[in-house]
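Student: This is the structure I want to talk about, given as structure tokens.
None of the figures in this text is laboratory data; all of them are computed from the coordinates on show. Predicted model, so just to flag it, every value in this text is computed and none were measured. Ideal geometry is used to build each Cβ from the backbone, glycine not excepted, and the neighbour counts take in all protein chains shown.
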Amino acid sequence: MAERLTAREAIAALTDGFTELPAPAGDTDGDGPLGWTGYADSRARAAARTGERESVVHGTATVGGHPCVLLSFEFGFLGGSLGQRTGDRLEAAYEEAIARRLPLVSLVATGGSRMQEGMIALTQLQRVARASARLRAAGPAQLAVLRDPTTGGGWATLGAGADVILAVPGAQIGFAGSRVRPPGADPAAYTAEGQLAAGSVDAVVAPGELPAVVGRWLGLLTRGDTPPSPAPVPAALAATDPPETGWDAVLRARAADRPRAGSYLDAYFDARLPLSGDRCGGTDPGLLCGFGVREGRAVAYVAQCGTATRPAGYRTAARVIRLADRLGVPVLTLVDTPGAANDAEAERAGAGAAIADAFAAVAAARVPVTTLVIGEGGSGGALALAAPDNTHVTPDSYFSVIAPELAAAILKRSPVRVRETADQLRLRPQDLVELGVARSVAGPRADGRRA
């Protein structure tokens with residue numbers, strides 16, 4: 001079990017400074033909207049024990065020097081549950097973020113809706129969802145830090161609805177709290193680590209590292225340009241002449257020692273933070289996504305790692321591209337895949353819909369998208385992440401309607417004609433530029449500096 005801090009201890013551990021906002025008028029007296037016998041006494045005991053009048057503390061803060069609106073749950077106050085007056089404070093925090101055009105940071109620790117207020121408590125989730133939608137429409141980012149526990153409606157709104165979701169190790173996280181789960185449910189599924197594996201959390205961060213990580217995220221999420229300029233094209237990391245034949249291009253792109261996405265990202269960025277998971281139960285280890293800093297500018301990235309991209313990868317990519325678009329941050333995509341995963345599991349996971357969503361995210365982006373093909377460009381699985389008017393290629397890459405072996409099979413050609421087919425497909429980097437599919441063949445930096 002993760003260490004349980006009070007609301008104010010969590011604030012003090014994270015922030016450089018915090019100014020509490022006044023509580024909205026009308027804090028509950030008496031036994032509440034249902035007339036629940038003893039509710040007033042329960043609230044009074046919770047207040048005496050915690051020093052708080054409600055389960056949420058809200059105000060303005062700075063983290064790593066970056067301003068934000070911050071709210072923190074007090075689990076000691078009736079299990080951090082959400083009631084009507086909790087909803088008042090949560091809505092006030094969102095409205096403050098809208099008015100100040102600041103990101104909202106939520107330190108969540110809640111058991112869910114407050115039983116003593118019944119449906120009135122449950123409808124606070126709708127209030128939070130509306131406030132969150134208004135903030136999203138206004139532009140500022142939402143970042144959640146999931147503490148122990150984060151369950152019920154608090155997880156399904158403030159937590160899972162955030163743009164960036166961090167969790168502390170060992171925290172209990174799940175829609176179902178420990179007292180309402182099915183008998184025999186796997187407890188690992190309800191942990192920070194389990195939610196990370198399932199694609200519902202971006203990172204598990206040790207408490208001592210949270211100030212630095214949250215501060216870096218706030219810096220990245222508020223660094224968009226107006227209007228944003230395109231991300232520079234990365235330099236090619238392998239200095240090679242253009243391939244002579246189509247098959248030569250294929251062999252180069254498939255070479256085991258060719259530079260991969262990780263090397264390109266390390267060369268391109270001064271610092272970067274990852275985003276992980278499709279929020280639908282899946283992750284794709286063959287796709288790297290996140291935000292990075294290059295020469296003081298924020299750039300979002302989506303990078304294929306040379307494997308067949310899975311549906312979860314395309315959904316994660318679409319999520320990151322849409323977030324960058326909302327924040328005014330340019331996007332860099334690195335294309336390197338033999339194609340989309342086409343096994344039965346991928347089909348059951350919605351491969352077609354996921355690829356369509358990635359195409360749509362790129363097509364609808366108002367921020368500029370820059371693409372560099374760094375290896376294999378296999379069919380629609382690669383094209384889904386390629387900018388229609390700003391795609392570039394490296395000398396050790398190719399882009400094709402389909403792999404030449406499969407093209408030969410579709411055309412009912414003998415395997416001995418695969419090389420001939422590769423030439424006919426005109427998939428070499430220089431062919432792609434001549435055809436207008438790519439704008440340039442990227443070269444190495446002439447001064448020998450990083451990409």
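Student: About the Cα centre, and with charges only on the beta carbon of Lys, Arg (+1) and Asp, Glu (-1), how big is the dipole of the chain? Nearest 20 debye, please. List each step's numbers first, then the result.
Tutor: Numbers: 45 positive and 47 negative charges, 78 e Å.
With Lys and Arg at +1 and Asp and Glu at -1, about 380 debye.
Student: Can you list residues from other chains, or at least 5 along the same chain, whose modelled amide H is less than 5 Å from the amide H of Ala162?
Tutor: none
Student: For segment 180-190, in order, what is each residue's ³J(HN,Hα) by Karplus, 6.51 cos²θ - 1.76 cosθ + 1.60 with θ = phi - 60°, in whole Hz (x at glycine and Pro)?
Tutor: Rounded to whole hertz, the list is 10, 6, x, x, x, 4, 5, x, 5, 5, 9.
Student: Now for a separate question. Given N residues in segment 7-221, what is Rg(Cα) / (2.2 N^0.38 Å)?
Tutor: Numbers: Rg = 16.3 Å, N = 215, 2.2 N^0.38 = 16.9 Å.
That works out to 0.96 for segment 7-221.
Student: Show me the helices of the chain, taken as full DSSP H stretches, that run 15 Å or more along their long axis by Cα and average -1.0 or above in Kyte-Doolittle hydropathy.
Tutor: On the way: long enough: 39-50 (16 Å, -0.90); 84-100 (24 Å, -1.05); 124-138 (21 Å, -0.33); 210-221 (16 Å, 1.47); 311-327 (24 Å, -0.12); 351-364 (20 Å, 1.70).
Helices meeting the span and hydropathy rule in the chain are 39-50, 124-138, 210-221, 311-327, 351-364.
Student: Going out from 0 in 5 Å bins, what whole percent of all Cα-Cα distances in segment 358-445 drops into each bin?
Tutor: Calculated over all Cα pairs of segment 358-445, the distribution is 3, 15, 23, 22, 17, 12, 6, 3, 1, 0 percent.
Student: Still on this structure: Dipole magnitude of segment 7-221 about its Cα centre, charges +1 at Lys/Arg Cβ and -1 at Asp/Glu Cβ only, in debye to the nearest 20? If you can, show how the numbers build up before the last one.
Tutor: Details: 18 positive and 21 negative charges, 56 e Å.
Here the size comes out at about 260 debye.
Student: Over the C-alpha atoms of the chain, what are the Rg and the largest Cα-to-Cα span, Dmax, in Å?
Tutor: 25.0, 85
Student: What full-extension length gain, to one decimal in nm, is calculated for Leu411 and Asp257 as 0.36 nm per residue of separation minus the Cα-Cα distance? Kindly include the intermediate steps, with their values, before the conclusion.
Tutor: On the way: separation 154, 0.36 × 154 = 55.44 nm, distance 3.15 nm.
Result: 52.3 nm gained on full extension.
Student: A further question on this structure: Once amide H atoms are placed 1.01 Å from N in the peptide plane, what residues at a sequence separation of 5 or more from Thr370, or on another chain, have their amide H within under 5 Å of its amide H?
Tutor: Distant-sequence amide H within range of Thr370: Ala231, Val331, Leu332, Thr333.
Student: Could you pull out every residue, at least 5 positions away or on a different chain, whose amide H is within less than 5 Å of the one on Gly290? Hs are placed 1.01 Å off N in the peptide plane, and Pro or chain starts have none.
Tutor: Hits under the 5 Å cutoff: Leu275, Tyr301.
Student: Just flag the GluC sites (Glu not before Pro) in segment 8-106 sitting in loop per DSSP whose Cβ has no more than 14 other Cβ atoms within 10 Å. Display every interim value, and only then the final one.
Tutor: Working: sites: Glu9, Glu20, Glu52, Glu54, Glu74, Glu91, Glu95, Glu96; in loops: Glu52, Glu54, Glu74.
Answer in residue order: no site qualifies.
Student: Here is a follow-up. Over all directions, how big on average is the projection of the convex hull of the alpha-carbon atoms in segment 83-160, in square nanometres? Each step should come with its number before you reach the end.
Tutor: Details: hull surface 17.8 nm².
Computing the convex hull of the Cα atoms and averaging its projections yields 4.4 nm².
Student: Let me ask something else about it. In whole Hz and in residue order, list the ³J(HN,Hα) couplings for segment 288-293 that follow from phi through the Karplus curve 6.51 cos²θ - 1.76 cosθ + 1.60, θ = phi - 60°; x for Gly and Pro.
Tutor: After applying 6.51 cos²θ - 1.76 cosθ + 1.60, I find 9, 9, x, 10, x, 10 Hz.
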